[in-house]
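Undergrad: Provided herewith is a single structure, encoded as structure tokens, for subsequent inquiry.
The values are calculated or read from the model by the stated rules, or taken from the named source; none is laboratory data. Since this is a predicted model, take the numbers as computed values, not measurements. When we count neighbours, we look across all protein chains shown, and the Cβ atoms used for this are built from the backbone with ideal geometry, even at glycine. We work out accessible area using only protein heavy atoms, side chains counted, and drop any ligands, DNA or RNA first. Shrake-Rupley method; radii C 1.70, N 1.55, O 1.52, S 1.80 Å.
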Amino acid sequence: MSNSPRPDHQPPASKPPHAPAPPPGKQPRPPIAMWQYLFWLALLILVPLLGYYSRHGRKQVTVLTQTEFEFHLCQQHVQKVVLTDSGSGLIRQLNGIFKDETDAERQFTTQVIYSDALDALIRQYARNFEAHSESNTFTNLVYMLLPTVLLIAFFYFIFIRQMRAAGPGGMTFGKSRARKVDPGKNPTTFKDVAGCEEAKEEMQEFVDFLKDPQSYSRLGAHVPHGALLVGPPGTGKTLLAKAIAGESNAAFYSISGSDFVEMFVGVGASRVRDMFEEAKKNTPALIFIDEIDAVGRQRGTGIGGGHDEREQTLNALLVEMDGFDTNQGVIVLAATNRADVLDSALLRPGRFDRQVVVPLPDLRGRLAILKVHARKTKLADDVDLRIIARATVGFSGADLANLINEAALLATRRKLDAVGMLELEEARDKVSWGRERKSHRMDDKEKRLTAYHEGGHALVGLFCPNSTPLHKITIIPRGTALGATMYIPEGDINGYTRNELLDRIAVSFGGRVAEELVMQDISTGASQDIHQATDIARQMVCKWGMSDKLGAIDYVGHEEHLYLGRDITRTEGFSPETAREIDLEIRRIIEEQKTRAMQILTEHRDLLEKLAQALLERETLTAHEVYELLELPEPPSRRSPADLAHDFDDPIEEALQATQDAAEDGTSAPKDESPATDEPPMAPPPMPPQD
């Protein structure tokens, strides 16, 4: 007999791994349906309404005087009399039913002086007589308390059901939400992190400590209490923390800064204490707080200052990291891209001893990141990732991962067997400048204006010796722009000279000047160009000291945002006269470069016409096609061939290879032949970091 399941038999759906199994013999309580909530809410509303209607929604009651009551009584019109003791003294209240002149039954109420004679008269002529005690006070009390009791019962019922549905963690508001990472389920290691070799070396010390804490105490050293990973978004700070969790076999707890503070007062501080208590039980342990600026902002700031819930959480974090009871064996890692807003007490040695900078990758780093993300992607034989690495200056690790993914998606849509260079370059343009919107239709006038605008940008850039090399011109709408002139630098950008910045301003005004020169009109298409040029000129004058008139003085001052609340009413660090000189100097730089762009385009008006007509016909031109069209020689590279040849050389790998080759040849590695001295060499004084 076969044990194989029948075709119509469906295996039971597997439960998710995180769902706790119900105890044996006890089925989980099903969640309450929405119609049950509505039923109880309707009952809560209808019961008081029915009570009110039962008291006040009766038929109209006729109020009779004692004389009128006795008259109807003697005429035997009274059908029913109810005597209550709600009166005072001899006065009693009578209710009942009588017949009026039309022989219709009506309800009545009256207050009479009750005597034995009246009692005998009622008993003689009334057809139905009742005498009982009726307490209005008790009835009013019931109707007053009943809605309140029902309301309390309703919310209690909902609360209890929600707490039961939440399980054992329903009342754990102050418990830590840190997730303990299982090393076996975290495949990320240092091999998956590239482009930040120095940061990896510093993080390796934490991994070594977590694996062998005794090796550090042998020489009296102690591992830093914490490290702060600082860098732009997308550079791999969180990925580096994941690699540490995958490399180390110690307890690793991960939590976000926003998980501490919630609507309940004191929850954040309680969660901090609970998190460290749990980590102390599993030492050596490592706690990673992602986006710590959500809870670690400077205290005493904000409008009004004061002591709020976030500051209580920060105070608890400061004490747990380095307070009276110092933690032994618990390391705290944190990541942020806003280290400038963190509290100074959080950054001091003893808490975050190190600030590990994770910068944007350089050329070799970009190549290494591309190789990491291309492991699972099938690349064509003609793909050279070094070309892509050169053309992605300023890309972060997340941008490069997105580039590889976009190229793979593009190759999939095209039904290709592998990702080629064409797909990688198109994906780079999409990540940098947005996707082409070929479906967007422009009329002839708008298309002609865009062609001259983009041609003006490109032509001014060709005749500015210090401008960024041209990459491509297109009048196909891309992103939010109707056209684009794309530039790609030859190498990594570490700073700009004054001539390079002036050329950038001139290139920015190339489009607006071309509109004025050819169309005798201007459009709103140059708004972003004007903004960019003004920002560069302002920083040249106020921040970088590139104005001969105002000198090398910082006029920017403090750059805190208003939410930091340093001093809302603070004044600038210069006089109104200096402010006017700053404005005039910025205007002078702008006008000079705009005039320079006008001179270039006026002198080469024929080249502008030729370039615009080619754009109208072909829509997109590469830099090589532009130089061929305008019959201009392509400028040689500003970098020497030797520098270009050694861009991808790793000096660390070269040194290790040289040592290995020397060992194989039987010769020793070259030694330092400087004369020995008894005194140690003097180290040069440290230089402050430059912008």
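Undergrad: Do the conditions hold for residue 177, that is, is it closer than 30 Å to residue 279 by Cβ, basic (Lys, Arg), at pLDDT below 65 and open to solvent by 40 Å² or more (accessible area, probe 1.4 Å)?
TA: Considered against the rule, which asks whether it is closer than 30 Å to residue 279 by Cβ, basic (Lys, Arg), at pLDDT below 65 and open to solvent by 40 Å² or more (accessible area, probe 1.4 Å), residue 177 comes out as yes.
Undergrad: Given the criteria crowded, with 21+ Cβ neighbours inside 10 Å and among the aliphatic types (A, V, I, L, M), does residue 401 qualify?
TA: no
Undergrad: Which of (1) within 30 Å of residue 370 (Cβ to Cβ); (2) modelled with pLDDT under 90; (3) surrounded by 11 or more Cβ atoms within 10 Å (Cβ to Cβ) is the odd one out, the single condition residue 640 does not satisfy?
TA: Unmet for residue 640, out of (1) within 30 Å of residue 370 (Cβ to Cβ); (2) modelled with pLDDT under 90; (3) surrounded by 11 or more Cβ atoms within 10 Å (Cβ to Cβ): (3).
Undergrad: Return yes or no: is residue 246 under 23 Å from the mean Cα position of the chain (by Cα) and either surrounded by 19 or more Cβ atoms within 10 Å (Cβ to Cβ) or not basic (Lys, Arg) (or both)?
TA: no
Undergrad: Hey, another quick one. Within the range 457-470, take every residue that is in contact with a strand residue (DSSP E or B) (Cβ under 9 Å, 6 or more places away or on another chain) and assigned to a helix (DSSP H, G or I) and give me the one that is farthest from residue 632 (Cα to Cα).
TA: In this case the residue turns out to be 457.
Undergrad: Next up: Tell me yes or no: at least one residue of the range 430-451 is assigned to a helix (DSSP H, G or I), modelled with pLDDT of 90 or more and under 22 Å from residue 488 (Cβ atoms).
TA: Yes, the conditions are met somewhere in the range 430-451.
Undergrad: List, please: which pairs have Cβ atoms under 9 Å, are six or more places apart or on different chains, and start with a residue in the range 308-319 that is over 16 Å from residue 287 (Cα atoms) and end with one that is of a type in the set (Lys, Arg) and surrounded by fewer than 22 Cβ atoms within 10 Å (Cβ to Cβ)?
TA: 310/297; 310/299; 311/297; 311/299; 315/299
Undergrad: Go over the candidates 434, 394 one by one and state the one that is surrounded by fewer than 17 Cβ atoms within 10 Å (Cβ to Cβ) and under 30 Å from residue 519 (Cα atoms).
TA: Result of the check over 434, 394: 434.
Undergrad: Looking at (1) in a helix (DSSP H, G or I); (2) surrounded by 15 or more Cβ atoms within 10 Å (Cβ to Cβ); (3) among the aliphatic types (A, V, I, L, M), find the lone condition where residue 416 falls short.
TA: Every condition holds for residue 416 apart from (1).
Undergrad: I need every pair where a residue in the range 579-591 that is over 14 Å from residue 553 (Cα atoms) has its Cβ under 9 Å from the Cβ of a residue that is open to solvent by 70 Å² or more (accessible area, probe 1.4 Å), sequence separation at least 6 or different chains.
TA: Note: pairs meeting the criteria are 584/549; 586/538; 588/549.
Undergrad: Within the set of pairs 6 or more residues apart or between chains, which connect a residue that is within 19 Å of residue 501 (Cα to Cα) and open to solvent by 100 Å² or more (accessible area, probe 1.4 Å) inside the range 539-567 to a residue that is at pLDDT below 65 and part of a loop (DSSP other than H, G, I, E, B) with Cβ atoms less than 7 Å apart?
TA: none
Undergrad: Just to be sure before I move on: is residue 605 among the basic types (Lys, Arg), under 19 Å from residue 467 (Cβ atoms) and modelled with pLDDT of 90 or more in the structure I sent?
TA: No, not satisfied.
Undergrad: For residue 369, work out the one condition from (1) assigned to a helix (DSSP H, G or I); (2) in contact with a Lys or Arg (Cβ under 9 Å, 6 or more places away or on another chain) it doesn't fulfil.
TA: (2)
Undergrad: While we're here: Restricting to the range 598-613, give me the number of residues that are open to solvent by less than 50 Å² (accessible area, probe 1.4 Å) and either acidic (Asp, Glu) or over 44 Å from the mean Cα position of the chain (by Cα) (or both).
TA: Here the count works out to 5.
Undergrad: Identify, please: which residue in the range 220-238 is buried (at least 20 other Cβ atoms within 10 Å of the Cβ) and not in a loop (DSSP other than H, G, I, E, B) and is, among those, farthest from the chain's Cα centre (by Cα)?
TA: Filtering first and then ranking leaves 226.
Undergrad: Could you list, in sequence order, all residues of the range 517-533 that are out of contact with any Ser or Thr (no Cβ under 8 Å at 6 or more places or on another chain) and either loosely packed, with under 15 Cβ neighbours inside 10 Å or hydrophobic (A, V, I, L, M, F, W, C) (or both)?
TA: Once the filter is applied, which keeps residues that are out of contact with any Ser or Thr (no Cβ under 8 Å at 6 or more places or on another chain) and either loosely packed, with under 15 Cβ neighbours inside 10 Å or hydrophobic (A, V, I, L, M, F, W, C) (or both), the range 517-533 yields 518, 519, 520, 521, 522, 524, 526, 527, 528, 531.
Undergrad: Taking the condition on the phi < 0 side of the Ramachandran plot, open to solvent by 40 Å² or more (accessible area, probe 1.4 Å), part of a helix (DSSP H, G or I) and without any contact (Cβ under 8 Å) to a residue 40 or more places away in the chain, does residue 425 pass?
TA: So residue 425 passes the test.
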